[in-house]
1. Let me spell it out: the conditions are (1) touching a Cys at 6+ places or on another chain (Cβ under 8 Å); (2) within 16 Å of the ligand (Cβ to nearest atom); (3) of a type outside the set (Asp, Glu), and residue 36 meets all of them except one. Which number is the exception?
2. Residues of the stretch 64-86 being more than 9 Å from the ligand (Cβ to nearest atom) and closer than 15 Å to residue 121 by Cα, which ones?
3. Kindly indicate the residue of the stretch 112-135 that is closer than 23 Å to residue 54 by Cβ and open to solvent by 30 Å² or more (accessible area, probe 1.4 Å) and also nearest to the ligand (Cβ to nearest atom) among those meeting that condition.
4. Just to check your reading of the model, which residue among 28, 103 is open to solvent by 50 Å² or more (accessible area, probe 1.4 Å) and on the phi > 0 side of the Ramachandran plot?
5. If we scan the stretch 5-24, do we find a residue that is assigned to a helix (DSSP H, G or I), more than 16 Å from the chain's Cα centre (by Cα), of a type outside the set (Val, Ile, Thr) and more than 23 Å from residue 154 (Cα to Cα)?
6. Of the conditions (1) more than 14 Å from the ligand (Cβ to nearest atom); (2) out of contact with any strand residue (DSSP E or B) (no Cβ under 8 Å at 6 or more places or on another chain), residue 109 satisfies every one except a single condition; which number is it?
7. Run residue 275 past the list (1) at pLDDT 90 or above; (2) more than 25 Å from residue 166 (Cβ to Cβ); (3) among the hydrophobic types (A, V, I, L, M, F, W, C) and report the number of the one that doesn't hold.
8. Among the residues of the stretch 40-79, how many are open to solvent by less than 10 Å² (accessible area, probe 1.4 Å) and in contact with a Leu (Cβ under 7 Å, 6 or more places away or on another chain)?
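The values are calculated or read from the model by the stated rules, or taken from the named source; none is laboratory data. In this text, all values refer to a predicted model and were calculated from it rather than measured experimentally. Because the Cβ atoms are built from the backbone with ideal geometry, glycine has one as well, and the counts that use them run over all protein chains shown. To get the accessible areas, we keep the full protein, side chains included, count just its heavy atoms, and leave off ligands, DNA and RNA. Shrake-Rupley method; radii C 1.70, N 1.55, O 1.52, S 1.80 Å.
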Amino acid sequence: MPSARHILIVNSRSVHQPVFVVGAPHSGADLIGRALKASPGFHVTMGQPSVLRTVYAFARRPSMHEGRTQAAASVIRDAFAQAWQVTPHSCLECTPQCRAAAGLAADAVGPCVELRGLERFGDASPDLIYCTEALIDAFPNARIVQVIRDGRDAAASMLADPVVMSWFRPSFVNVDTEFPNPFFGIETEEDREAWPQLSPPARCALRWRWSVRLAARLHHGLPADQLKTLRYEHLMSKPDEALSDLSKFVGVTVAAAEIRNEARTARTRGRARGAASAHQSSLSSHDIAQIEKVAGEELRRLGYTS
Ligand SMILES: [Zn+2]
């Protein structure tokens with residue numbers, strides 16, 4: 001039975017089983033976020049400033065929140081109390097992806113959801129994964145959807161994304177002052193010592209590896225009705241099956257159109273590549289070897305071997 005302080009009221013609705021979509025960068029969490037957002041009665045935010053501020057505070061300085069579970073939980077609830085408010089301008093400061101998923105034009109102000117029939121809340125902000133444990137403390141009945149993708153494909157996409165790569169700028173990297181460092185995937189002294197010499201593909205792989213290890217820890221501590229791990233590859237190869245699974249988990253029929261489209265595009269791309277996989281067509285064998293050096297064990301454990 002959640003205590004009174006865990007009950008969050010937004011627009012006179014109590015927030016019940018909010019759904020949070022997390023994943024390493026370029027693993028497909030945004031795709032699930034958009035599909036949930038397109039589902040009736042679901043208010044999913046992506047990149048609200050109050051959430052991003054909190055996410056990056058946790059991601060960059062996890063040590064500040066350590067051992068302060070209750071304080072961290074209330075910071076998180078406050079951020080969502082603000083983010084989930086539906087006002088005539090409530091999607092204005094979201095990411096362009098959030099507005100597009102709501103069917104708003106790039107310069108439209110919103111709101112991105114109808115108040116009528118609104119029943120469920122969720123969030124799929126970038127890098128939300130670094131708050132996962134704090135989200136569960138803040139919302140003990142939260143539903144967590146974690147999307148996992150072949151780490152070599154995720155790393156290949158990260159390498160092509162200037163925003164993700166800008167986090168590796170020396171002025172931004174804080175691996176000397178913050179340890180362990182989930183954001184950069186640094187967990188041991190050994191990781192920290194190796195980091196300065198790592199190539200960009202290996203640095204991306206470390207971030208991916210952390211997300212996979214988090215999934216293992218979460219599965220250990222959370223019941224199956226609170227945590228769902230979805231594979232990006234399953235979504236792309238059997239979208240209807242994966243979506244029916246997801247719908248059961250969140251308790252709402254998840255809109256399928258966008259994911260079916262994406263799956264069709266992925267199949268067309270796959271055919272054009274022939275036998276090569278996504279990362280093989282964009283990474284050198286040296287890059288792939290670097291990735292496998294830091295994350296080989298996790299790749300194998302998840303069956304990403306071919
Ligand atoms: Zn929005």
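1. Condition (1) is where residue 36 drops out.
2. Matches in the stretch 64-86: 76, 77, 78, 79, 80, 81, 82, 84, 85, 86.
3. 126
4. None of the others qualify; the one that does is 103.
5. Yes, the stretch 5-24 contains a residue that is assigned to a helix (DSSP H, G or I), more than 16 Å from the chain's Cα centre (by Cα), of a type outside the set (Val, Ile, Thr) and more than 23 Å from residue 154 (Cα to Cα).
6. With respect to (1) more than 14 Å from the ligand (Cβ to nearest atom); (2) out of contact with any strand residue (DSSP E or B) (no Cβ under 8 Å at 6 or more places or on another chain), residue 109 is out only on (1).
7. (1)
8. 5
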